[in-house]
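A short write-up of the structure that comes next.
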């Protein structure tokens, strides 16, 4: 596990902000990307026909990614990629659990007996990027992550939870294929523009301590 983190300087007044969070990156070399890409491309049109996700007000949403309501990303509440039950998705599920345990151990936290996961695919064409967004800021939010499937010359940028506007404090992590990243769900993040002729494909997921819908499954 490779660790990147944001830790604030010690506060010198009662009103100074503090923060401390960890981004963990893991190798998942045993996942056959060629087979996984083939499965994703076979499922793409089927995914796009699913209902679009909605925000808390009932409005259609792509999760504030800027990819549009017709993208696979916008269907993130309507399916769970880990239910496809292929060799590659089953290995991915095992990596999520193993890496979750290691991440929690590094952060000094216990891994609960029940952790649930929702998982979807992001597909970007030439010139696209993912805009700044977070996955959850609710009191129940836990962890999120993504797995790099086909990523050429792009990075994901993670933003300090406090300093985001004036001289934002960020960590840029290059998107290397077969790598998985875990981070707290409230952390805002975005990607650099994708300029390859090959589509940029990543698998994103949320982890929760409660089952939020029938699409969520145990890690």
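Going residue by residue through the range 15-24, is there one that turns out to be within 20 Å of the chain's Cα centre (by Cα), at pLDDT 95 or above, surrounded by 12 or more Cβ atoms within 10 Å (Cβ to Cβ) and not in a strand (DSSP E or B)?
Looking for residues that are within 20 Å of the chain's Cα centre (by Cα), at pLDDT 95 or above, surrounded by 12 or more Cβ atoms within 10 Å (Cβ to Cβ) and not in a strand (DSSP E or B), one finds none in the range 15-24, hence no.
Does residue 179 meet the test of being closer than 25 Å to residue 102 by Cβ and touching a strand residue (DSSP E or B) at 6+ places or on another chain (Cβ under 8 Å)?
yes
Does residue 92 count as within 24 Å of residue 174 (Cβ to Cβ) and at pLDDT 95 or above?
On the way: within 24 Å of residue 174 (Cβ to Cβ): yes; at pLDDT 95 or above: yes.
Taking the combined requirement at face value, the residue satisfies it.
Does the range 20-27 contain any residue that is under 27 Å from residue 177 (Cβ atoms), in contact with a helix residue (DSSP H, G or I) (Cβ under 7 Å, 6 or more places away or on another chain) and free of Cβ contacts under 8 Å to residues at least 12 places away in the same chain?
Looking only at the range 20-27, we keep the residues that are under 27 Å from residue 177 (Cβ atoms), and these are 21-27.
Within this subset, residues satisfying the condition of being in contact with a helix residue (DSSP H, G or I) (Cβ under 7 Å, 6 or more places away or on another chain) are 22, 24, 26.
From what is left, the residues that are free of Cβ contacts under 8 Å to residues at least 12 places away in the same chain are none.
No, because not a single residue in the range 20-27 is under 27 Å from residue 177 (Cβ atoms), in contact with a helix residue (DSSP H, G or I) (Cβ under 7 Å, 6 or more places away or on another chain) and free of Cβ contacts under 8 Å to residues at least 12 places away in the same chain.
Working only within the range 201-216, note down all residues that are out of contact with any strand residue (DSSP E or B) (no Cβ under 6 Å at 6 or more places or on another chain) and either crowded, with 22+ Cβ neighbours inside 10 Å or free of Cβ contacts under 8 Å to residues at least 12 places away in the same chain (or both).
Hit for the range 201-216 is 214, nothing else.
Return the residue satisfying two criteria in turn: it lies in the range 142-156 and is crowded, with 18+ Cβ neighbours inside 10 Å and more than 11 Å from the chain's Cα centre (by Cα), and of such residues it is farthest from residue 127 (Cα to Cα).
This residue is 142.
Among the residues of the range 41-63, what is the count of those that are touching a helix residue (DSSP H, G or I) at 6+ places or on another chain (Cβ under 8 Å) and outside any loop (DSSP other than H, G, I, E, B)?
4
A quick yes/no check of all residues on (1) part of a helix (DSSP H, G or I); (2) over 15 Å from residue 205 (Cβ atoms); (3) under 15 Å from the mean Cα position of the chain (by Cα); (4) without any contact (Cβ under 8 Å) to a residue 60 or more places away in the chain:
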{"position": "78", "(1), (2), (3), (4)": "no, no, no, no"}
{"position": "101", "(1), (2), (3), (4)": "yes, yes, no, yes"}
{"position": "110", "(1), (2), (3), (4)": "no, yes, no, yes"}
{"position": "126", "(1), (2), (3), (4)": "no, yes, no, no"}
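Could you please give the count of residues in the range 81-90 that are touching a residue at least 60 places away in the same chain (Cβ under 8 Å) and surrounded by fewer than 20 Cβ atoms within 10 Å (Cβ to Cβ)?
Adding up the residues that qualify gives 1.
Inspect all residues belonging to the range 172-184 and state whether any of them is over 16 Å from the mean Cα position of the chain (by Cα) and either free of Cβ contacts under 8 Å to residues at least 60 places away in the same chain or crowded, with 19+ Cβ neighbours inside 10 Å (or both). Please lay out each step first, then the result.
Just the residues of the range 172-184 that are over 16 Å from the mean Cα position of the chain (by Cα), to begin with: none.
Within the range 172-184, none of the residues are over 16 Å from the mean Cα position of the chain (by Cα) and either free of Cβ contacts under 8 Å to residues at least 60 places away in the same chain or crowded, with 19+ Cβ neighbours inside 10 Å (or both).
Do the conditions hold for residue 159, that is, is it touching a residue at least 24 places away in the same chain (Cβ under 8 Å), over 19 Å from residue 97 (Cα atoms) and surrounded by 15 or more Cβ atoms within 10 Å (Cβ to Cβ)?
So residue 159 fits the description; yes.
Criterion first (more than 19 Å from residue 143 (Cα to Cα), without any contact (Cβ under 8 Å) to a residue 40 or more places away in the chain and assigned to a loop (DSSP other than H, G, I, E, B)) does residue 198 satisfy it? Explain how you work it out, then say what you get.
On the way: more than 19 Å from residue 143 (Cα to Cα): yes; without any contact (Cβ under 8 Å) to a residue 40 or more places away in the chain: no; assigned to a loop (DSSP other than H, G, I, E, B): yes.
Taking the combined requirement at face value, the residue does not satisfy it.
The values are calculated or read from the model by the stated rules, or taken from the named source; none is laboratory data. The structure displayed is predicted, hence computed values, not measured ones. Neighbour counts are summed over all protein chains in view; Cβ atoms, including those assigned to glycine, are modelled from backbone coordinates with ideal geometry.
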